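What follows is a short report on a single structure.
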Amino acid sequence: MGVIRVPISPETGRPVLRRWPFAAAAVALLVHDALLLSVSSGFGVLAVPAAAMIAAPVLWAWYRPLPAWAAMVVAHVALLGLGLALDSPLVPEPWLFDQMLSQAPVMYVLALSSPRRVTVPAFALTLAAVLPVTTLLNLEPDRLARGLLSWALALLVATLLGHTRRMRLLHTLRVAEELGRRRILEERSRIARELHDVVAHHMSVIAVQAASAPYRIEGGVSEAAAREFGEINVAARESLRDMRHLLGALRGAGTHPGTTPQPGLGELGGLVESVRRAGVPVKLKIGTQEPSPVVSLTAYRIVQEALSNVVRHAPGARTTVTISGGDGELTVEVVNEPPAAPAATPGSGLGLIGMRERVAALGGRLTAAATGEGGFAVRAVLPEGDE
């Protein structure tokens, strides 16, 4: 079993519980119990250590719920035994209000952070550890029974509330995971549709050249060579047919193929100009020749998505787009400075998913991370060769 921690919210990426309420509750319990144990219970110099034993599990529960629960159980058993040994006028019984305030948060966080195979035994062990000591209290049976019942119900309510919230959180995580997978599949389909237009053009050229080659070669070709050209033509046409069937399945019913030419590095100037009109100062540097159509399309889409993220999340930030080539690779870099004011629009992460899928389709590499100056940098390396 791994270390049990407070779960993370899928919406914010942060723990579902804040730390400061636990710190505030621990301080309040420490002060209150130190005064109560020293004045009313006669603990003397042991009042502060005893109060710390009660308050510490509340603070610790945010960091490590399971060890905090164990410390809570040990602390309350020890305090009961210490109160009986000192013949205290006010023994720290577990059903006292301040005692339940220290136990309920720990049980709630444990149930929120742990599966039932941990929570149920923990609840049972809490009762089993404290019950034997409570039988030593000099109380009337009715009062003892009411105290134990109220204490058990309080712990049960805290445990059930934590478990209920855990179930809701797990459901949200499953929905978010399913949505993420669906987004990835949709993005892959969109990438496949775009790449189809580029690849289909080359396959069409191959088919036409193979069919016309015997008539264009001066002096004609041998029968074997003509038959070879014919087989190339047939293979190219069959590939085109299979690609159209695959594309139809990807598009689904009721959609129609697009007829607009796919963009490339040649259209980056217009893209940058439109972003400048949106209020983002962009500098474009292209230091390479036009690559293959597929690589050019991928580079364009990466720059397009990166600039869209700048407009949404870093409005007005100075941005530099650099396209360079060498050693059979095309490098695309989009780096923006920190924005003047943070944007209120939260990110969905779909843009980065799309960029990663595009780069992975070509066997390239992508990094996207914040810079040391507070900006953001996207860097993609795309292979230009056959491999």
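Listing for the model above:
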read-out: Criterion: surrounded by 13 or more Cβ atoms within 10 Å (Cβ to Cβ) and either aliphatic (A, V, I, L, M) or in a helix (DSSP H, G or I) (or both) - qualifying residue of LEU170, LEU156; value: LEU156
read-out: Flag for VAL310 being within 27 Å of the chain's Cα centre (by Cα) and not in a loop (DSSP other than H, G, I, E, B); value: yes
read-out: Some residue of segment 71-90 being among the hydrophobic types (A, V, I, L, M, F, W, C), free of Cβ contacts under 8 Å to residues at least 40 places away in the same chain and touching a Gly at 6+ places or on another chain (Cβ under 9 Å); value: no
read-out: Test: residue in segment 318-329 that is touching a helix residue (DSSP H, G or I) at 6+ places or on another chain (Cβ under 7 Å) and modelled with pLDDT under 80; value: no
read-out: Search result, residues across segment 354-368 that are surrounded by 20 or more Cβ atoms within 10 Å (Cβ to Cβ) and touching an Asp or Glu at 6+ places or on another chain (Cβ under 6 Å); value: GLY354, MET355
read-out: Test result for MET107, modelled with pLDDT under 90 and either touching a Lys or Arg at 6+ places or on another chain (Cβ under 8 Å) or closer than 25 Å to TRP20 by Cα (or both); value: no
read-out: Failed criterion for ILE54 (all others in (1) in contact with a His (Cβ under 8 Å, 6 or more places away or on another chain); (2) β-branched (Val, Ile, Thr); (3) modelled with pLDDT of 90 or more hold); value: (3)
read-out: Helices (runs of 4 or more DSSP H) wholly inside segment 14-93 that include at least 3 residues being basic (Lys, Arg); value: none
read-out: Members of segment 357-377 found to be over 18 Å from LEU297 (Cβ atoms) and among the acidic types (Asp, Glu), listed by number; value: GLU373
read-out: Residue in segment 89-99 that is over 43 Å from the mean Cα position of the chain (by Cα), surrounded by fewer than 15 Cβ atoms within 10 Å (Cβ to Cβ) and not aromatic (Phe, Trp, Tyr) present; value: yes
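So that you can scan it fast, the table gives a plain yes or no per residue for (1) surrounded by fewer than 20 Cβ atoms within 10 Å (Cβ to Cβ); (2) not in a loop (DSSP other than H, G, I, E, B):
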position: VAL272; (1), (2): yes, yes
position: ILE286; (1), (2): yes, yes
position: GLU290; (1), (2): yes, no
position: LEU297; (1), (2): no, yes
position: ILE302; (1), (2): no, yes
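The values are calculated or read from the model by the stated rules, or taken from the named source; none is laboratory data. The shown structure was predicted, so the numbers you read here are calculated from the model rather than taken from an experiment. Every residue, glycine among them, receives a Cβ derived from its backbone with ideal geometry; neighbour counts consider all protein chains shown.
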